[in-house]
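The structure appears below as structure tokens.
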Amino acid sequence: MKLQQLRYIWEVAHHNLNVSATAQSLYTSQPGISKQIRLLEDELGVQVFARSGKHLTQVTPAGEEVLRIAGEILARVDTIKQLAQEHSAPDRGSLSIATTHTQARYALPPVIETFIARYPGVSLHMHQGTPLQISEKASEGSVDFAIATEALELFGNLLMMPCYRWNRCILVPRDHPLAASGEPSLEEVAEHAIVTYVFGFTGRSRLDEAFHARGLKPRVVFTATDADVIKTYVRLGLGIGIIAHMAYEPRLDSDLVALDASHLFAPSVTSIGFRRGTFLRGFMYDFIEGFAPHLTREVVDHAGGLSTRDDLETYFSQFELPIY
């Protein structure tokens, strides 16, 4: 059994059983990967993948267990590499982050600017996606950190730490009837067509919960993952917008009125998460603290030693999170 073989089955499983795509991502040949997988299966005496002709169709029950352990082994190998790099080149390396458009566009720029100035030898890679995609990437170890508001809790192997609270605003053109209302009621909001985030994005669940609790059915006519797209369609008169307040820029959005909606919707919490057991290099701790100052190295290490979600919630309940 070779580490290379474990890497191949792991990568194939995470490329939707597409050996050709796996070969391209690993800069090797498709026949070479297929041969190594066969050799591993022959040595183990079980099939990792079921086949139909030459095509892999699914992971076998035995393969599920093999892949789980292979993932743990590969993670430990990566930890050894990270540990060695921390001693040989503490200010060099790479850091990959998966996050949503809202975080990438509005929350992260000053953090990343400061980080790059401090660590010019660290290459930073940002991946955008849905909260579920973001969480999956962190859970499988293809990125170092996930930053999101939704879906992180779905993966038990992620250590989630709260960063800040935020709420929403209602965006309307300056000549809209709601523009002068100050604090519109939920009933008033429900009377209008609404343009907002796709379900599962940027705290959208809080909106649905608020309307449902009041027995209201919002008329959502358009959804998008990008706050800038939502603002565009508000300008076109498609409906009133509901977005994260951080996404409203007074100078650039001066043609729109932002009405505070914190009295209508419960606040959301943005968290940063990484896979448990990850070896954090010094610059990784600094990135976390740069994004959420209360998450010092001591706090992160303490949180990493807590095994249950209840213990984490109790621990972090003592922190007063900043409001973005």
Which one of R276, R297 is without any contact (Cβ under 8 Å) to a residue 60 or more places away in the chain and either open to solvent by 60 Å² or more (accessible area, probe 1.4 Å) or closer than 26 Å to A104 by Cα (or both)?
R297
For E136, are the conditions met, namely being closer than 26 Å to R309 by Cβ and assigned to a loop (DSSP other than H, G, I, E, B)?
no
Within the bounds of the range 138-150, is there any residue that is touching a Phe, Trp or Tyr at 6+ places or on another chain (Cβ under 6 Å) and under 15 Å from T270 (Cα atoms)?
yes
If I filter the range 125-161 down to residues being open to solvent by 50 Å² or more (accessible area, probe 1.4 Å) and under 24 Å from P322 (Cβ atoms), which single residue comes out as modelled with the lowest pLDDT?
E153
State whether the residues of the range 204-224 include one that is open to solvent by less than 50 Å² (accessible area, probe 1.4 Å), of a type in the set (G, A, S) and closer than 15 Å to L264 by Cα.
yes
Complete set of residues in the range 162-203 that are crowded, with 22+ Cβ neighbours inside 10 Å and within 30 Å of G304 (Cβ to Cβ)
C163, W166, F201, T202, G203
Looking at the range 19-71, which of its residues are acidic (D, E) and in contact (Cβ under 8 Å) with a residue 12 or more places away in the chain?
E43
Among residues belonging to the range 268-298 that are touching a strand residue (DSSP E or B) at 6+ places or on another chain (Cβ under 7 Å) and hydroxyl-bearing (S, T, Y), point out the one that is farthest from F145 (Cα to Cα).
S268
Starting from residues that are surrounded by 13 or more Cβ atoms within 10 Å (Cβ to Cβ) and not hydroxyl-bearing (S, T, Y), keep the ones in the range 79-90 and report whichever is farthest from G277 (Cα to Cα).
P90
Hits in the range 7-18 - residues which are in a loop (DSSP other than H, G, I, E, B) and either crowded, with 17+ Cβ neighbours inside 10 Å or touching a residue at least 40 places away in the same chain (Cβ under 8 Å) (or both)
H14, L17
Go through (1) out of contact with any helix residue (DSSP H, G or I) (no Cβ under 7 Å at 6 or more places or on another chain); (2) under 25 Å from R165 (Cβ atoms); (3) not in a strand (DSSP E or B) one by one and return the number of the condition A210 breaks.
(1)
Of the residues in the range 220-260, those that are of a type in the set (A, V, I, L, M) and more than 22 Å from Y164 (Cα to Cα) come to V220, V221, A224, V229, I230, V234, L236, L238, I240, L252, L256, V257
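The values are calculated or read from the model by the stated rules, or taken from the named source; none is laboratory data. No experiment lies behind these values; they were computed from the predicted model shown. Positions of Cβ are backbone-derived with ideal geometry, glycine not excepted, and every protein chain shown enters the neighbour counts. SASA here: full protein model, heavy atoms, side chains in, ligands and nucleic acids out. Shrake-Rupley method; radii C 1.70, N 1.55, O 1.52, S 1.80 Å.
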